[in-house]
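Below: the structure, in structure tokens.
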Amino acid sequence: MSAAMDELVDVEADPIRPIRAFDVRVSAVEQLTPHFRRITFTGADLELFGSNADGETLDLRIKVMIPSPGHALPELLSVRGSLTDEWYQKWRSLDESTRGVMRTYTVRSLRPAVPADGGRSAVPAELDIDFVLHLDGGSGPAAQWAAAAQPGDAMTLIGPCARWGDCLGIEFAPGDADRVLLVGDETAVPAIAAILSALPAHISGHAVLEVPTAADFLDIPTIANVDVRWHARNANPHGQAMSSAVRTVVVPAACDRGEEPEDVDVDATILWETPQKSPSQGLYAWIAGEAATIRELRRYLVRDVGMDRNAVAFMGYWRQGQALPG
Ligand SMILES: Cc1cc2nc3c(=O)[nH]c(=O)nc-3n(C[C@H](O)[C@H](O)[C@H](O)COP(=O)(O)OP(=O)(O)OC[C@H]3O[C@@H](n4cnc5c(N)ncnc54)[C@H](O)[C@@H]3O)c2cc1C
């Protein structure tokens with residue numbers, strides 16, 4: 001075991017910390033649609049993978065470690081254990097050409113292990129991630145890894161530890177809201193699908209989803225009273241379909257104009273604005289996707305519609321033309 005690994009992971013004591021590194025392997029690959037590829041991971045570590053108090057993952061974000069071409073993941077990432085607070089800075093200080101890249105993804109589904117019962121053998125814990133294959137034009141290491149992934153491939157995920165009280169990485173927090181507006185492009189579809197599958201029947205509202213083509217529309221089971229509308233982008237500019245769909249779902253009232261939100265330079269910073277206090281009854285909006293589209297929707301909902309910023313979560317998941325740091 002290297003000294004660097006010792007610094008990253010408290011191997012001796014393995015104390016309870018919020019975040020763990022999970023050593024996993026690809027157990028299944030399913031091409032859901034032309035642009036969505038579901039990769040299922042399994043590994044003994046996943047028994048310690050966290051979720052909220054109800055066992056849901058909602059929009060839980062995690063880090064996936066993509067190896068550099070021709071290199072295995074650095075030895076210090078191929079470990080089990082609680083990560084120290086400085087793990088990110090330490091990972092960043094490794095040799096850039098061999099350390100691989102880190103990208104953010106959503107847990108689409110987490111299935112706990114099922115112990116052996118009578119004649120039935122045990123089923124290990126499994127975790128699904130739905131990767132968008134953005135291979136035309138601006139491709140990236142994560143999309144390329146997913147496109148080539150095969151059962152047996154090794155991967156390290158960084159995510160919440162089940163032994164820690166809070167599950168870090170979940171933003172969806174509708175408080176007492178009884179109506180939701182869920183808006184996202186293809187990168188937010190896994191989160192919106194997981195949220196919809198967890199919403200109770202008394203919640204109503206709309207989900208507006210923009211994906212590359214009509215062949216990417218998915219069946220999303222929900223018992224909530226949410227109207228799910230899919231929009232195919234086809235050759236139109238990114239975000240256009242979802243922006244105009246939001247304008248038909250949420251219409252400004254004549255007297256409800258709000259303040260102009262402060263501008264966010266989406267090329268220099270990450271647009272990430274979540275409520276500071278729990279939303280009360282009424283509408284709660286959760287909006288994620290390409291940062292410039294999210295910035296434009298933020299302006300529309302906050303300024304034109306006059307929505308309370310404590311009732312909306314705006315999250316830039318990626319930026320067109322830019323690889324995200326990691
Ligand atoms: C909280 C959170 C959750 C996320 N969940 C998911 C998820 O579940 N599934 C998922 O697929 N993505 C998800 N994303 C988005 C994902 O992290 C980015 O798309 C990421 O840039 C992909 O990494 P990459 O290595 O493929 O491309 P990068 O190396 O980051 O980028 C290379 C080029 O590809 C472009 N690019 C990146 N993503 C896309 C895209 N989707 N379409 C078109 N061009 C693109 C970039 O603009 C850049 O020009 C999430 C992001 C966040 C912040």
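The values are calculated or read from the model by the stated rules, or taken from the named source; none is laboratory data. Values in this document were obtained by computation on a predicted structure and should not be read as measured data. So basically every Cβ, Gly included, is an ideal-geometry build from the backbone, and we count neighbours across all protein chains shown.
Contact list please: Cβ distance under 7 Å, first residue in the stretch 259-284 and at positive phi and assigned to a loop (DSSP other than H, G, I, E, B), second residue at pLDDT below 90 and of a type outside the set (A, V, I, L, M, F, W, C), pairs at least six apart or on different chains. Final answer for the pair search is none. Among the residues of the stretch 313-326, those identified as touching a helix residue (DSSP H, G or I) at 6+ places or on another chain (Cβ under 6 Å) and free of Cβ contacts under 8 Å to residues at least 60 places away in the same chain are PHE314, GLY316, ARG319. Contact annotation: residue pairs with Cβ atoms under 7 Å, 6 or more positions apart or on different chains, pairing a residue in the stretch 236-253 that is under 16 Å from ARG299 (Cβ atoms) and more than 16 Å from the ligand (Cβ to nearest atom) with a partner that is assigned to a helix (DSSP H, G or I) and among the charged types (D, E, K, R), are SER243/GLU296; PRO252/ASP304. Out of the residues in the stretch 285-310 that are part of a helix (DSSP H, G or I) and in contact with a Leu (Cβ under 6 Å, 6 or more places away or on another chain), state the one that is farthest from ILE192 (Cα to Cα). Top of the filtered list is ARG295.
If the condition is being surrounded by fewer than 22 Cβ atoms within 10 Å (Cβ to Cβ) and within 19 Å of the chain's Cα centre (by Cα), then the stretch 206-220 contributes PRO212, ASP216, PHE217, LEU218, ASP219, ILE220. Exactly one residue out of ILE192, ILE223, ILE287, ILE203 is modelled with pLDDT of 95 or more, surrounded by fewer than 15 Cβ atoms within 10 Å (Cβ to Cβ), outside the structural domain of ALA143 (by TED's automatic domain parsing) and β-branched (Val, Ile, Thr): that is ILE223.
Only a single criterion out of (1) assigned to a loop (DSSP other than H, G, I, E, B); (2) buried (at least 16 other Cβ atoms within 10 Å of the Cβ); (3) in the same structural domain as GLY282 (by TED's automatic domain parsing) is not satisfied by GLY169, namely (3). Given the condition within 14 Å of the ligand (Cβ to nearest atom), of a type outside the set (D, E, K, R), touching a residue at least 24 places away in the same chain (Cβ under 8 Å) and part of a loop (DSSP other than H, G, I, E, B), answer yes or no: does some residue in the stretch 178-200 qualify? Checked against the condition, which is being within 14 Å of the ligand (Cβ to nearest atom), of a type outside the set (D, E, K, R), touching a residue at least 24 places away in the same chain (Cβ under 8 Å) and part of a loop (DSSP other than H, G, I, E, B), the stretch 178-200 yields no hits at all. For the stretch 237-258, how many residues are in a loop (DSSP other than H, G, I, E, B) and at pLDDT 80 or above? Qualifying residue count, the stretch 237-258: 5.
Condition check ((1) buried (at least 19 other Cβ atoms within 10 Å of the Cβ); (2) assigned by TED's automatic domain parsing to the domain that holds TRP272; (3) more than 21 Å from GLY169 (Cβ to Cβ); (4) within 17 Å of the chain's Cα centre (by Cα)) across all residues:
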residue	(1), (2), (3), (4)
GLU30	no, no, yes, no
PRO34	no, no, yes, no
PHE41	yes, no, no, yes
ASP54	no, no, no, no
LEU60	yes, no, no, yes
THR106	yes, no, no, yes
ALA122	no, no, yes, no
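Across the stretch 296-326, the number of residues qualifying as within 25 Å of ARG99 (Cα to Cα) and among the hydroxyl-bearing types (Ser, Thr, Tyr) comes to 1.
For (1) at pLDDT below 90; (2) part of a helix (DSSP H, G or I); (3) away from the ligand (no atom under 16 Å from the Cβ), each residue gets a yes or a no:
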| position | (1), (2), (3) |
| --- | --- |
| TYR88 | yes, yes, no |
| SER97 | yes, no, no |
| ARG103 | no, no, no |
| ASP130 | no, no, no |
| GLN144 | no, yes, no |
| ALA147 | no, yes, no |
| GLY152 | no, no, yes |
